[in-house]
Amino acid sequence: MEIVSIIIISYLIGSIPTAYLVGRIFGKVDIRTVGSGNVGASNVFRVVGKIAGISVLIIDILKGFLPVLIVHCQGFDTLTEIVAGLGAISGHVWTVFLKFKGGKGVATGLGVFLGLAPLPVLIILALFIIVVAISKYISLGSLIGAVLLPLLLFLFATERAIIIFGTVVSLLIIIKHIPNIKRLMIGQEHKFNIKMKKT
């Protein structure tokens, strides 16, 4: 029963539709119908503004980090921490509050692995910032991070279960980015501009 409770609670935490709520409250828009249509921090940043976007990013990271941290502090093993992380990511990607249509799992996944394997995440975060700063494509930074995650986990993580979990999450993120990959290939992907304001 403990595992079931952990899955449900983690899923519900992950399901909090941060981008949608911030878009509605502060931008008076349905974030699903504007910009890229993605229910994530980058789209909020683009449509509503940088403070709103940063707020969504932080909260979405915490949605993944806190369930793992809480389970860890309760003395559960790594496998249970992974279960909590899986629940949080699933909630974000398939949120019950938006008819099971959510974000792409990048920020919440970042939070999960920040709790499970912080060093690989910090390396990926640094590379992500460099890629986005140079290319202006958040999706490209996310994809490179997703590709590198299993490799870095293999190098630095101490438990095989974390490596396997990281590989599964990476594949999920890549699959969720297929539309972005297609737009990148034809030069129609949305660029990230820190000067963008509310439209």
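Quick note: the coordinates plus some simple rules give every number you see, no bench work behind them. Note that the coordinates shown come from a computational prediction; the quantities given were computed from them, not determined experimentally. For neighbour counting, all protein chains shown are included, and Cβ atoms are generated from backbone atoms with ideal geometry for every residue, glycine included.
Observations, loosely collected:
- Cut-off 15 Å (backbone N to label point 7 Å along Cα→Cβ of L155), residues of region 100-119: 118-119
- Between R24 and I174, the modelled labels are 3.5 nm apart [label points 7 Å from Cα along Cα→Cβ].
- Crossing angle, helix 106-116 versus the chain [Cα axis fit, 0-90 degrees, rounded to tens]: 30 degrees
- Neighbourhood charge, 12 Å Cβ-Cβ cut-off, centred on A41 and excluding it, Lys, Arg +1 and Asp, Glu -1: +3
- GNM result for the chain, Cα springs below 10 Å: residue of S135, S15, S170 fluctuating most strongly: S135
- Net dipole in debye of the chain [+1 Lys, Arg Cβ; -1 Asp, Glu Cβ; about Cα centre; nearest 20]: 1180 debye
- Our coupling estimate for region 9-20, obtained by passing each phi through the Karplus curve with A = 6.51, B = -1.76, C = 1.60 and θ = phi - 60°, is 5, 5, 4, 5, 5, x, 6, 4, x, 3, 4, 5 Hz, Gly and Pro reported as x.
- Protection proxy ranking of 62-70, 93-101 - average other beta-carbon atoms within 10 Å, highest first: 62-70, 93-101
- Estimated from helices alone, the mean residue ellipticity of the chain at 222 nm is -22500 deg cm²/dmol (sum of -39500 (n - 2.57) over DSSP H runs with n ≥ 4, per residue).
- Correct option for Cα extents along the principal axes in Å [calculated from the coordinates] among [x] 47, 34, 25; [y] 51, 36, 30; [z] 114, 37, 26: [x]
- Sum of side-chain charges, P17 neighbourhood, beta-carbon under 15 Å (Lys, Arg +1; Asp, Glu -1): +4
- Couplings 3J(HN,Hα) of region 39-47, computed from phi: 8, x, 5, 5, 6, 5, 4, 5, 8 Hz, in residue order, whole Hz [Karplus 6.51 cos²θ - 1.76 cosθ + 1.60, θ = phi - 60°; x for Gly and Pro].
- Computed from the Cβ-Cβ distance with R0 of 30 Å, the FRET efficiency linking M185 to T33 stands at 0.75.
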